[in-house]
1. What order do you get for 660-666, 289-295, 477-483 when each peptide is scored by the mean count of other beta carbon atoms within 10 Å, highest first?
2. Keeping all protein chains in place, calculate the accessible area per residue for the chain (probe 1.4 angstrom), answer in Å².
3. Need one number: nm distance between label points at Ala261 and Arg177, each 7 Å from Cα along Cα→Cβ, rounded to one decimal.
4. Among DSSP beta bridges whose residues both lie in the chain, state the antiparallel percentage, nearest 5.
5. For region 405-494, which whole-number percentage of the solvent-accessible area (1.4 Å probe, protein heavy atoms only) is attributable to carbon and sulfur atoms?
6. Report D for region 281-384 in µm² per second (integer): Stokes-Einstein, Kirkwood Rh on Cα pairs, 20 °C, 1.002 mPa s.
7. Given a 1.4 Å probe and every protein chain left where it sits, what share in percent of the accessible area of region 585-694 is carbon and sulfur?
8. Tell me which residues come under 5 Å, amide H to amide H, from Met42 once H is placed; ignore anything under 5 positions away on its chain.
Amino acid sequence: MKRPESTIGRMPVSLPAAPPVMSRLPVGAATHCPYCALQCGMNVTPDGITPRDDIPANAGGLCQKGWTAGELLASPHRLTTPLLHGEPVGWDEALDFVAARLGSIQREHGRDAVAVFGGGGLTNEKAYQLGKFARVALRTSQIDYNGRFCMSSAAAASNRAFGLDRGLPFPITDLARADVVLLAGGNVAETMPPFVRHFNKAGRLIVADPRVTATAKLAGLHLQLTPGTDLALALGLLHIAIADGYADLAYLAERVTGFEAVRDSVAAWWPERVERVTGVPVARMREAAHALGTARRAVILTARGAEQHAKGTDTATAFINLALALGLPGREGSGYGCVTGQGNGQGGREHGQKADQLPGYRRIDDPAARAHVAGVWGVDPADLPGPGRSAYELLDALGTPSGPKAMLLFGSNPVVSAPRSRHIAERLAALDLLVVSDLVRSETAELATVVLPTTQWAEEAGTLTNLEGRVLLRRQAVAPPSGVRSDLSVLASLAGRLGHVFSDDPRTVFDELRRASAGGPADYAGITYERIAAETGVFWPCPDEDHPGTPRPFLDRFATPDGRARMIPVEHRPPAEDVDGDYPIYLTTGRVLAHYQSGAQTRRIGPLNQAAPGAFVEMHPDLAERIGVASGDRVRVVGRRGSTEAPARVSPDIRPDTVFMPFHWEGVNRLTNPALDPVSRMPEFKVCAVRVEGAAS
Ligand SMILES: Nc1nc2c(c(=O)[nH]1)N[C@H]1C(S)=C(S)[C@@H](COP(=O)(O)OP(=O)(O)OC[C@H]3O[C@@H](n4cnc5c(=O)[nH]c(N)nc54)[C@H](O)[C@@H]3O)O[C@H]1N2
Ligand SMILES: Nc1nc2c(c(=O)[nH]1)N[C@H]1C(S)=C(S)[C@@H](COP(=O)(O)OP(=O)(O)OC[C@H]3O[C@@H](n4cnc5c(=O)[nH]c(N)nc54)[C@H](O)[C@@H]3O)O[C@H]1N2
Ligand code: SF4
Ligand SMILES: [Mo]
């Protein structure tokens, strides 16, 4: 496989001079990037940022977001004082106001009238404390987080099949041993550039994507499918694999249940039918199935392109079925994994900020889990609330007669990133009280009653669990500016005002998290700050301090009661909103290299804005010609829920029936479809129907 040298290990934009903030450095530190789940190791010193060599995920590489991350530490956009109704106030005034309003709203409308919304970028300590704050200090069931928009479909599918969800159930360096990697719906060359170096250079990469992305250009085989048809593609690949005799019958007999039912269910997905649904030529599907079936070692990966659909759980299940039929999971150098997204996307889904979860990846409706966690928290299990609403359902209910009247939001910017975003902005505006903790005045913070300025990555310590399930230590490298406080400090202050004692010290909170997670699926009991530092990370589960950690949890057995993986038949269906005469084009969405998520952080960094100054509508020359526009012309994209405008970017690297827009700028999510997956409650970010027309400039 070729490597995109322009994007890995080097910085395509010029390195900014060390910002003045570096002078706040006590000593500098070996720490980790503020952004994605690769959690590249970096040294933050008075001279600037350099990559660490000792962290396997990046081993000396960074992307341009990592190289420029220091700019935000010194940014003039940084919030340094609490805001009440947009006016600067002191911390005591802000916190007293919030605590008093929370109390009065709960007294008037009940405990569930206060909601909490978290984020997969928060450290383990923060995610844990946020969940505890909701269940113990507020006693509300109404908590969920942005990871619902991110990992939830793959997580649900992995739990269903393997009894455990650890994004990659193997170290990322295992990829180098795979002869073939199939990546469905991921553009890692842009979303985590140093990831690419782990692909086996002599091996074969197969990419399924409606666009010829930077990643697809590295691939020996590209399956340029219609958006929303991955499930059919996976069924078709499995059909061919079984028909051509690649099913590993000995493995299936020993390690898997349910093969026969799945085999019968894919019988009707013959290649020509799958070609009609997906647009992928039969010959290419055969080539892919053959490559996977004959490889000594192979890995199947899914990412958001395949997962962010109203059928995302079943789609991930179909790829898991394919992996199981080929005998891949639980074998060294082979397997199925999902490419986790946010900095702490993995840990963030384990410690209780999800509506149905308690720490240690326990279920909140499991009596034994409730008893254990209530014991650690010193409360009666009967006082713990039950499961609440999922992220979109929670946002959709805000300010309605039966929904929450107040929300505390930490680490997300849903005005930009939630589906049907104009509606969500209206719901947020309808609240009696919106409290936003952030480092910058995000679009969502603009709507807040109270904004609390928080410390960020290099200004505080904490642990994060990267896409491999490796728990890492983010060390503090600089002193925070005066006026800001950590999220842990804010939660402790609010808990104190509500009559509870919470620690604001990351290590103390982590030690409590270890006890709360002990015995659960994501067991951190044996992980300490010292061990992480000495061992460059520890893989969970790690039940005691003598335990070496678990890089490959499925080698001997899967985490199901009988130790076998479960194959589950799933059926393809069209997207929740298909194209028609009025809306004839598919809109899909995703990321570009230079920006992160809602852009709240990266749009405030000079070199990144130069590299990618704004939204665009990527479209094929055939479509551009049909509607009479050229690259750079403004176009309007119109859907059933709203419309947005941006310049056209005409490129042959996309299907003619599809347009692509990045979601780093407010706009495209006005159009996206909040149709939810029935199991994971994931919205359909990756496909809706639109019309595209030239816009008067
Ligand atoms: N630069 C950058 N990197 C990031 C982030 C960021 O915002 N910016 N965010 C981080 C986070 S939280 C995440 S979740 C990850 C996401 O990482 P990825 O999943 O790699 O990112 P996306 O761009 O959302 O989607 C990947 C690809 O899916 C394709 N796609 C669209 N629709 C479909 C479809 O129906 N089927 C298939 N097979 N493909 C489809 C898109 O064309 C796109 O190229 O990135 C992480 N890294
Ligand atoms: N159309 C479309 N929409 C999408 C997606 C897509 O592919 N297409 N992807 C979805 C996915 S996968 C994701 S993960 C979401 C992400 O979307 P968001 O949830 O909006 O994520 P971020 O932009 O990372 O928001 C993080 C906010 O928290 C702040 N912040 C950072 N660190 C901290 C901290 O430690 N504490 C506090 N209090 N605040 C902090 C940042 O400044 C920022 O304002 O978007 C989803 N939306
Ligand atoms: S954004 Fe991701 S890939 Fe880029 S430097 Fe940070 S952790 Fe590494
Ligand atoms: Mo994500």
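1. 660-666, 289-295, 477-483
2. Value returned for the chain: 32 Å² of accessible area per residue.
3. With each label placed 7 Å out from Cα toward Cβ, I get 3.3 nm.
4. 45
5. Percent of accessible area from carbon and sulfur atoms in region 405-494: 44.
6. The diffusion coefficient I find is 129 µm²/s.
7. The C+S portion of the solvent-accessible surface of region 585-694 is 47 percent.
8. It is Thr31, His32, Cys33, Arg52, by chain and number.
The values are calculated or read from the model by the stated rules, or taken from the named source; none is laboratory data. Remember, it's a predicted structure, so these values are computed and weren't measured experimentally. Glycine also receives a Cβ, built like all others from the backbone with ideal geometry; neighbour counts cover every protein chain displayed. Just the protein is used for accessible areas: all its heavy atoms, side chains included, with ligands, DNA and RNA removed. Shrake-Rupley method; radii C 1.70, N 1.55, O 1.52, S 1.80 Å.
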